[in-house]
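The structure under discussion appears below in the form of structure tokens.
Values in this text are rule-based calculations from the coordinates and carry no lab data. These numbers were taken from a predicted model, which means no experiment stands behind them. Counting neighbours? That spans all protein chains shown, and the Cβs are built from the backbone with ideal geometry, glycine included.
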Amino acid sequence: MADDLPEQFDLIVIGTGFTESCIAAAASRVGKTVLHLDSNDYYGNVWGSVGVEDLVRLLSSDAAPHSTLRNGSYTWHDESGDTSTSEGDEMKEETGQQWTRETVLAMSRRFCIDLCPRILYSAGELVQLLIQSNICRYTEFRAVDNVCMQQNGNIVSIPCSRSDIFNTKSLTIVEKRLLMKFMNACNDYGEDKCNEDTLAFRGRTFSEYLQEQRVTEKIASCVMQAIAMCGPNTSFEEGMLRTQRFLRSLGRYGNTPFLYPMYGCGEFPQSFCRQCAVYGGIYCLQRSVDDCAVDANSNEVLISSAVTTFRAKHVVSAPRYLPASRDCVMRPHLSRGLFLSSTPLGNEVLNKGGGGVNILRLMEGVREAIFIQLSHFSGACPKGLYLFHVTTPAVSDDPAEDLRPFAMQLFQNSAPEFVFSSFFTLTTQSQPNKGGADDAIFYTDAPSFEMDFYDAIANARDIFGKLYTDVEFLPRAPDVEEIVVDGEDPSALNEHSLPEDLRAQLQDMQQATEQMDIQD
Amino acid sequence: MHGRVKVRTTEEERERKKKEHALKVRAYRAAMGRILKKRDAGELDDEMLGLTVQILHRNPDVSTLWNIRRECVLEKINQLAAAATESSKSDEGQAEAEAESAAKPVEQEDKLQSVYGQELTLTEQCLMVNPKSYNAWHHRCWTLEHNPQADWEREVQLCNKYLKYDERNFHTWDYRRYVTAKAAVPAEQELDFCTEKIKVNFSNYSSWHHRSLLLPKLYPNEQRDRPMSEEKLQEELEMVLTAAFTDPNDSSAWFYQRWLLGGGAQADQPPKVVAFRMGATGAVVAFNKPCPDFEQFRVELASNEHMWKLESWQPADSRRTTWRTQTSIDYQKDESYCLKLAEQEIKLLPLPTGDGAFYFVPPHAASSCSKELFEELQTQLQSCYDLLEYEPDSKWTLLTSALLMRAIDVTANHERSLDHLVQLQKVDALREGYYKDLAASWTLELELAKWVTSTEFPKRFELSAESALTSLPYGQYLAIADELELPAKLKEELGDRLPLTFAELKL
């Protein structure tokens, strides 16, 4: 296959996952020539969002050689036989839509199902990066409606903001004061390094700190479960850091400190790729890499794909995309559960106006999981259906088994009407990736277990820093109005650059002034 | 390379801004010059309206231009009115034109409404530029006042919209009170609106204030010793304490709470006589607050048989809360006397020494309290105590608990409430003087109430040295005493501000 692509690049990026796309955009932005390849026909790899058909294909087929997705299984719940009970008919009339395998598949492309779902802190790393780099112009968000916790087997929304705390009936006024005071103390933590109140807790757990704050049981569990998102062994410092992250993201957009990207997290890799392309990056999907070698003379990396051999000073690749990395043993890393339901989880309060975008962190001993409910307001599924994502660090090769205790917690009290359910494992290399022989090839990390993209961004920054020292990572891209075409004299501003009505007025007035005695 | 894109440097950007600015200044000056010239020539026409719009859109705070617009509007209205009488005159003679003339008033009215409509649209556009433009808000009121067919309901909706953008804009709240009165919006509905806004963000002085105006109307208090009915007061106290505990650093809730716990006294009430004493050679009268124009009052003293006009009043203190007059009065021991001034008629009591008559009412007589309200106050006080265990130095909690104690029982809780003020002087040292003054007021209120029952009343007033006061509020109440026994330190502190006794007034 002959294609008219250039053959020489500063950087070749392989795989369009979040971290790779981020590095591609950063390199392109500072003037490097970039070629970006992916074997898939969609952007994002395991960081992407797919329709139902694509998901089913991913879950059933044998994994492509570069894939890190394993142990896929799925079930359609309408195939149990007795599909047309009288109860079902009533439901149909009420909701106007009965969801079956056929109706869901017919709307396959209306779904944006994240393989690796994330929720962003409103003032977190990614939001800051998007704003700083001006890539935010390619993104849209839905403010998360509720941050939930479990209380006596029920799912309840936790009061996040000052007005939430003021309005909630679930806390006494003294509890309200204590919660607000605790939040303020966490907010101020770190500003005064020698604060004796906190000095004593260095090296202890956050849970111990909470107990000594004399906050009530209710507040303690609210903080542990939903605000600091801690486990019993989380250190004091880490707990404070997480609480601060939560608090500092409050009051920015919406009532909770979290954002979800409209149309799924797969939008992020695409936004970075777009930025890369704007600065001249070249994109080729459905291009796998056949061979990779290092030219001993020039120290360049040679990448063979189809009939072309590309040369680059550096290569950044997602794990398993390069043939050399395929021998590496993969181990289960994240166990994922993914459910489609025709009813939302939780009561009416949590699902005002047709279903909320809600998050809930689950605990089971020292294990934890993150549950995300997406309604059609997120743009990730059609109206009337709800997408449930559950993610936990893998402990076995059986994702359904890993998630069983969390599914029990979630669904035992309020069983949703499932339409589809599936499980899969995301894997990572058993041994951390080492760069290529000559520090010319770098491997990005597989998605870690986290809410936001903190680890992924740190990984991208780290690799970028090794590639190009002392170069700014994703500086702000100018807006159209800030750009002038070279050759124009920027100081030659004339009346045409004034607003139209002012210009007309000025012309009018100018004749008048000539006759009048007006001092300039 | 030609045609390559590059980003403007800050230097270039600054240069561009400067040029743009200079052009704007030129345009502004030219337009202003033209407007003033036209005005001198009396040309209040459509062109004038068009010219002012262009400047006001950019800067809605040029009062002169709004004034000129008002002249233009009045001119237009006059022209329309003149045209109307003209056409009706010519119609009178012509019966056949009757059908036509019926249509004319409608057309006239439409024209008139479009004149007003234009002004309303302009103010709306200007408020988008500056939502706190006094001029724009004022012009809107003026326009609506002049239009007999103003749509007040629409204005209420506009306020709803603006308060959604900024729930704390006091201009909008002020305007809202004006239009809701005009549109006769029920007070219940307004109260619900306030509650909604408080729920969104309770840090909102305007909304609390609006509440404080609505509640006494909706839930009046029969005895007038509390701002509203006790049941409602109970609810309000609960709500405001929740706000105050949620964020004690936000002062709006605490201010509202102090109003709730207050006696419901209206600031605009006229001064009231609190003390009066007369002897054979003259009289002294003291008010609860300054009464600067007392010499203009008509004051009469009446016994069963006689009537004296008390005139030539002289102020006896610099604040003009105390006044004296030298008039000889033939005092008869067994007569009953009565003082009449303005609308008040005050019955006097004979002095125990038999050489005159007097009147005295101590400040803030303790309010009664229903069982339910009493319980609510107790619960709130308990919450404050609970909190003080966690935060012993919490300023607002200390102050609030002191106020609550006093609302429950002034006399029994006097010492404890003063303890809180002493602690407040330490934890909130910036306002030390304020707490000292507050302590002095509370002490005097109690001492004056006790004085009434003492055997030496009203001849001798004594303040123990323990009270360690540095100021003497309610000093005017002591004008009827002959003898003041005050701590030496306080006397020293007061110097020539020491209130004069009846004896010292030398009547």
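Amide H to amide H, with H built 1.01 Å from N, A:Val13 comes under 5 Å of A:Leu35, A:His36, A:Leu37, A:Val316, counting only residues 5 or more places away or on other chains. Each 5 Å bin from zero holds the following percent of Cα-Cα pairs in the stretch B:179-266: 3, 14, 25, 26, 18, 10, 3, 0. The angle between the Cα long axis of helix B:170-182 and the main principal axis of chain B comes to about 90°, on a 0 to 90 degree scale. The HN-Hα couplings worked out from phi for the stretch B:202-210 by the Karplus form 6.51 cos²θ - 1.76 cosθ + 1.60 (θ = phi - 60°) are 7, 7, 8, 3, 4, 5, 4, 5, 4 Hz, whole numbers, x standing for Gly and Pro. Distance distribution P(r), the stretch A:337-412, all Cα-Cα pairs, bin width 10 angstrom from 0: 19, 50, 26, 5 percent. The largest-to-smallest principal axis extents of the Cα set in the stretch B:273-360 are 35, 23, 20 Å.
In this entry, the stretch A:184-342 is assigned a mean projected area of 17.3 nm², taken as a quarter of its C-alpha convex hull surface. Each Cα pair under 8 Å and six or more residues apart adds its separation to the average, and for the stretch B:179-266 the resulting relative contact order is 29 percent.
With neighbour counts taken as other beta-carbon atoms within 10 Å, the residues B:Asp192, A:Asp4 rank, fewest first, as A:Asp4, B:Asp192. Charged neighbours of B:His414, selected by a Cβ distance under 15 Å, balance to -3 (K, R count +1; D, E count -1). Charge tally for A:Ile119 (other residues, Cβ to Cβ under 11 Å; Lys, Arg +1; Asp, Glu -1): 0. Couplings 3J(HN,Hα) of the stretch B:237-244, computed from phi: 4, 5, 5, 6, 5, 4, 4, 5 Hz, in residue order, whole Hz [Karplus 6.51 cos²θ - 1.76 cosθ + 1.60, θ = phi - 60°; x for Gly and Pro].
When its C-alpha radius of gyration is set against 2.2 N^0.38 Å (N residues), the stretch B:371-443 gives a value of 1.08. Most simply put, chain A has about 75% antiparallel DSSP beta bridges, counting only bridges with both residues inside it. So which of B:Lys272/B:Lys489; B:Lys232/B:Lys371; B:Lys182/B:Lys232 end up more than 24 Å apart by C-alpha? The answer is B:Lys272/B:Lys489; B:Lys182/B:Lys232. In whole angstrom, note down how far apart the Cα centers of the stretch B:38-59 and the stretch A:147-218 are. The stretch B:38-59 and the stretch A:147-218 have Cα centres spaced 60 Å from each other.
Shape analysis of chain A yields a ratio of the Cα radius of gyration to the Kirkwood radius, Rg/Rh, of 1.04. With the convex hull of the Cα atoms taken as the outline of the protein assembly as shown, the averaged projected area works out to 66.2 nm². For the protein assembly as shown, the share of DSSP beta bridges that are antiparallel, to the nearest 5, is 80%.
Report the local net charge at A:Gly254: Lys and Arg +1, Asp and Glu -1, summed over other residues whose C-beta lies under 11 Å from its C-beta. Every neighbour counted, the sum reads +1. Take each residue in B:24-36, count the other chain C-beta atoms within 10 Å of its C-beta, and the mean is 5. The long axis of helix B:63-92 is offset from the longest Cα principal axis of chain B by roughly 70 degrees.
As a ratio to 2.2 N^0.38 Å, the alpha-carbon radius of gyration for the stretch A:162-248 is 1.04. In units of the compact-protein estimate 2.2 N^0.38 Å, chain B shows a Cα radius of gyration of 1.39. 3J(HN,Hα) along the stretch A:32-42, derived from phi through the Karplus expression 6.51 cos²θ - 1.76 cosθ + 1.60 where θ = phi - 60°, amounts to 7, 7, 10, 10, 10, 10, 8, 5, 6, 9, 9 Hz, with x in place of Gly and Pro. Calculate the length of the line joining the C-alpha centroid of the stretch B:167-222 to that of the stretch B:415-447, in whole Å. Using only Cα atoms, the two centres lie 33 Å from each other.
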